[in-house]
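Student: Okay, here's the structure, questions in a sec.
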């Protein structure tokens, strides 16, 4: 969440920043009003508590002097003030709870250098790498769901039979390709990132910390019996790894990575293209994330973007980098660069990574702070993360781009060591399939 002091001291600045995201700033006024009520209730509570403490001393003095009547009168006054202090404390707590709910719903402020715009149509393509629209032959203009079915490496029908629509099943070399892609991403970032294998199910507070809740509850899978949520991305558990902890500045940045399954209902995908692997409910992804100081954030953000691009370059895929405009930024995002690969069979640019800086928005929700090397007190860390590699769309683009005229698919050289030496994926022996 944003700092309440900004709402209190610079409300017009906050409203102007949110307007760049196309957000109605009415909640800012509501938050300011609730903050004033909370502070006033807390002031009255503290004032009455101070009066009670002072009267308590007078009660003792009256009793010591033998003035029992005066002592009884003062004691009755102390009880009345104590009751009022208790009521003021309850009011402060109730208003604080309401204020937190409002603050959780106010989006992060966009970075000053994020391009202005109203929607994804205003996003800025920064660069395109390796793309030549004339270089693709007819054999590469076949969508991956047809390629995968012909080779026996993608079984959409049985995936849906087992789990429902938008759940997929990889088979044989297709399943091997999933693991190979993830291992490549992990190995590529192992020089600087600690590998974590976090739980796949997390508590409500863990989703709140990254901003998925309360806004995106409809897109998440909730196990009501245990009040646990299936993670939509490893960003969720990795962000909360240091929740409610105090770090030392000398240990920052902290760099983490994780390969997990991810689960999304895609509740907002009605009417959008859900064929093949374009939108699925469960997928594998390698996430890279860092805790930083404010001064480190820009450099680390650039590094994460470069790392995500490097993996796609090693896979020899065409891609482009898109600077997300303010109107298309997500709730917790301050600045985001999307990476999109070109899939010739679908003839689409497919988003495969969002590399984002969240300023202190997530860490404030998660209460992750650090002790500055100089000065006193503590400060809130900044968080930066991105997809090192998200499997489904990379898998799709790779299979389409590397398809040969005979229908087989060439395995990129960088993946062969993870594919048991397999260089070309040919039609599987379908007689072994049920």
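The values are calculated or read from the model by the stated rules, or taken from the named source; none is laboratory data. This is a predicted model, so every value here is computed, not measured. Neighbour counts are summed over all protein chains in view; Cβ atoms, including those assigned to glycine, are modelled from backbone coordinates with ideal geometry.
Student: Does at least one position in the range 337-360 carry a residue that is assigned to a helix (DSSP H, G or I) and surrounded by 21 or more Cβ atoms within 10 Å (Cβ to Cβ)?
Tutor: No, that holds for no residue.
Student: Additional query: Checking the condition under 22 Å from the mean Cα position of the chain (by Cα), surrounded by fewer than 19 Cβ atoms within 10 Å (Cβ to Cβ) and closer than 30 Å to residue 412 by Cα, which residue from 195, 235, 266 passes?
Tutor: 195
Student: Checking residue 76 against (1) loosely packed, with under 13 Cβ neighbours inside 10 Å; (2) touching a helix residue (DSSP H, G or I) at 6+ places or on another chain (Cβ under 9 Å), which single condition isn't satisfied?
Tutor: Tallying (1) loosely packed, with under 13 Cβ neighbours inside 10 Å; (2) touching a helix residue (DSSP H, G or I) at 6+ places or on another chain (Cβ under 9 Å), residue 76 fails exactly one: (2).
Student: Residues being outside any loop (DSSP other than H, G, I, E, B) and out of contact with any helix residue (DSSP H, G or I) (no Cβ under 6 Å at 6 or more places or on another chain): count how many of those fall in the range 12-41.
Tutor: Matching residues across the range 12-41 total 12.
Student: Then there is this: Just give me the residues in the range 156-204 being assigned to a loop (DSSP other than H, G, I, E, B), under 27 Å from residue 405 (Cα atoms) and free of Cβ contacts under 8 Å to residues at least 60 places away in the same chain, in sequence order.
Tutor: Passing the criteria: only 169.
Student: Still on this structure, please answer the following. Within the range 407-434, track down each residue that is at pLDDT 95 or above and out of contact with any helix residue (DSSP H, G or I) (no Cβ under 8 Å at 6 or more places or on another chain).
Tutor: Within the range 407-434, 410, 413, 416, 417, 424 meet the criteria.
Student: Give 416, 393, 364, 403 a once-over and let me know the one that is farther than 30 Å from residue 123 by Cβ and in the same structural domain as residue 156 (by TED's automatic domain parsing).
Tutor: Only one candidate passes the filter, namely 416.
Student: Looking at 178, 168, can you tell me which residue is within 30 Å of residue 146 (Cα to Cα), surrounded by 19 or more Cβ atoms within 10 Å (Cβ to Cβ) and in the same structural domain as residue 258 (by TED's automatic domain parsing)?
Tutor: 168
Student: A follow-up question, please. Suppose we filter the range 94-120 for residues that are in a helix (DSSP H, G or I) and more than 24 Å from residue 396 (Cα to Cα); how many remain?
Tutor: Final tally of qualifying residues: 12.
Student: Are any residues in the range 117-141 loosely packed, with under 12 Cβ neighbours inside 10 Å and more than 17 Å from residue 338 (Cβ to Cβ), and if so, which ones?
Tutor: Within the range 117-141, 132, 133, 134, 135, 137, 138 meet the criteria.
Student: Going by what's in this entry, would residue 54 be described as without any contact (Cβ under 8 Å) to a residue 12 or more places away in the chain and either assigned to a helix (DSSP H, G or I) or loosely packed, with under 15 Cβ neighbours inside 10 Å (or both)?
Tutor: It is true that residue 54 is without any contact (Cβ under 8 Å) to a residue 12 or more places away in the chain and either assigned to a helix (DSSP H, G or I) or loosely packed, with under 15 Cβ neighbours inside 10 Å (or both).
Student: Right, something else. Pick from the range 279-323 the residues that are part of a loop (DSSP other than H, G, I, E, B) and touching a helix residue (DSSP H, G or I) at 6+ places or on another chain (Cβ under 7 Å): which of them is surrounded by the fewest Cβ atoms within 10 Å (Cβ to Cβ)?
Tutor: Selected residue: 279.
Student: Here are some conditions: (1) more than 23 Å from residue 106 (Cα to Cα); (2) touching a strand residue (DSSP E or B) at 6+ places or on another chain (Cβ under 8 Å). Residue 199 meets all but one. Which one does it not meet?
Tutor: Single failed check for residue 199: (2).
Student: Residue check, residue 139 against (1) more than 15 Å from residue 396 (Cα to Cα); (2) over 30 Å from the mean Cα position of the chain (by Cα), all met but one. Which one?
Tutor: (1)
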